[in-house]
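Worksheet: one structure, shown below.
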Amino acid sequence: MEDTTTPEIFSAPTIASLNDILPAEPLLMMGAGPVPVPDLVANANRNVINHLGATMSRIIGQVKEMSQYVFQTRSPWIMGVAGPGSAAMEMAIANLVTRDTRVLCVCNGYFSHRMAEMCQRLGADVGILQSEEKSQIDVDRFVAAIEKFEPDCITIVQGETSNTTFNRQLPALAREAKKKGCITIVDAVCTLSTMPLQMDDWGIDAVITGGQKGLSSIPGVSLVAFSERAWDRIQNRTWTPSHWCLDALLAENFWHKGSYHYTAPVSGVLALHEALRLICLEGLQARFLRHERCSRALQNGVQAMGLKLYVPEESRLNSVIGIEAPETLSNRTICATMSEKYQVEISGSFGLPIVRIGQMGEQCRAQNLFRTLHALGCTMRDLGITVDIPRGMGELESSLIGAKTQG
Ligand SMILES: Cc1ncc(COP(=O)(O)O)c(C=O)c1O
């Protein structure tokens, strides 16, 4: 017999409003991302428009044009993806790597291992080239590994945010990979627009980035750029990727043909548009210089205060700075104290005894550096660590002024 009783609707929960949850004064976001966004980006993110209309079509055209500048590529094959940096990573990998691909994954830490794991999940034949702790990959070792493993594809991270290691030799590595006929996929999630990345000149085939780091946009809309060579491979593949949302040939419908793939994250795309426009207005050279000056000055200030940077200079990333936590303190305690007492948010790390301060996009502003370094010094002092706060602050100031007069 048919059951005609109406199921009882259970009662709605009583939920505190965001006004009661969020701090009255926003925290200064100085961790490894997300980073503060300019007002123009935040305002753009308030709009909802038709994702398939003429206005969106024009905006998408501009996003691609600006992205070509930011990635330094003439390739038109740029696409956004609704999702985190990892979705862009998976999109690059899922469209270029399959069961019979041999992939050499250069691993310096957590995020480069994520690329290796994605390749392994696709059933690819994966070789790992592991760097020494706190070190970048050396070109000779890389070439030897390619000669031995004979990969079709390489994955590598430009800046390994997890432990603040920088693959400074990326241009040489990418060129060597190209000479050997490999497709190279580069994770530039934390580095794009904070330091040079010349996709075409270095011969890179896919570059991925997230919105919430160097670009100073919101999290949730990411970008991937494919070279003509990579696109050729995608168009001529004889297999269908198992990730429907991430299939580049389906994404082409929206990003290049003005038609439907899935409902685009319109507000996030508008935010990204503004973030890219601000980068174009500033110019890449000026932006790189700002990042270099600010990061260096902050590193000098941290050291002058009596704290130790985690990675030696030759392999040290500027976009995110790793600072050793004193033996008596956990990084969790440092971050929580700094957030609660000084309203400055920094990051711990993935099992390492370090705290990390971001130097990406809007984080690289003098007022943010002064407030962050002061908060870090006071936090350490409050937790019983001897630090020389005036010396650190003085060094930060003189480094910033020195860098300005030199530049
Ligand atoms: C170098 C790098 N790659 C990939 C990711 C993953 O990005 P998301 O957390 O947006 O997925 C991150 C995030 O911190 C990163 O720093």
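When residues in region 125-155 are screened for being crowded, with 22+ Cβ neighbours inside 10 Å and out of contact with any Phe, Trp or Tyr (no Cβ under 9 Å at 6 or more places or on another chain), 6 of them pass. Here the condition is being away from the ligand (no atom under 16 Å from the Cβ) and on the phi > 0 side of the Ramachandran plot; of 123, 127, it holds for 123 alone.
Given the structure, is residue 103 crowded, with 18+ Cβ neighbours inside 10 Å, within 14 Å of the ligand (Cβ to nearest atom), within 26 Å of residue 214 (Cβ to Cβ) and at pLDDT 95 or above? No.
Considering 41, 35, the condition of being of a type in the set (Val, Ile, Thr), within 16 Å of the ligand (Cβ to nearest atom), at pLDDT 95 or above and open to solvent by less than 80 Å² (accessible area, probe 1.4 Å) is satisfied by 35 alone. Residues in region 226-249 that are in a helix (DSSP H, G or I), among the hydrophobic types (A, V, I, L, M, F, W, C) and open to solvent by 50 Å² or more (accessible area, probe 1.4 Å): 249 only. I need the full set of residues from region 69-81 which are more than 16 Å from the ligand (Cβ to nearest atom) and among the β-branched types (Val, Ile, Thr), in order please. Of everything in region 69-81, those that are more than 16 Å from the ligand (Cβ to nearest atom) and among the β-branched types (Val, Ile, Thr) turn out to be 70, 73, 78. Among the residues of region 11-23, some residue qualifies, meaning at least one is under 30 Å from residue 291 (Cα atoms) and not assigned by TED's automatic domain parsing to the domain that holds residue 278.
Where residues in region 82-96 are hydrophobic (A, V, I, L, M, F, W, C) and either within 9 Å of the ligand (Cβ to nearest atom) or closer than 17 Å to residue 34 by Cα (or both), which of them is most open to solvent (accessible area, probe 1.4 Å)? Among those residues, the one meeting the criterion is 82.
The values are calculated or read from the model by the stated rules, or taken from the named source; none is laboratory data. It should be emphasised that the depicted structure is a prediction, and the values quoted were computed from it without experimental measurement. Backbone-built Cβ (ideal geometry, glycine too); neighbour counts: all protein chains shown. Calculation scope for accessible area: heavy atoms of the full protein, side chains included, ligands and nucleic acids excluded. Shrake-Rupley method; radii C 1.70, N 1.55, O 1.52, S 1.80 Å.
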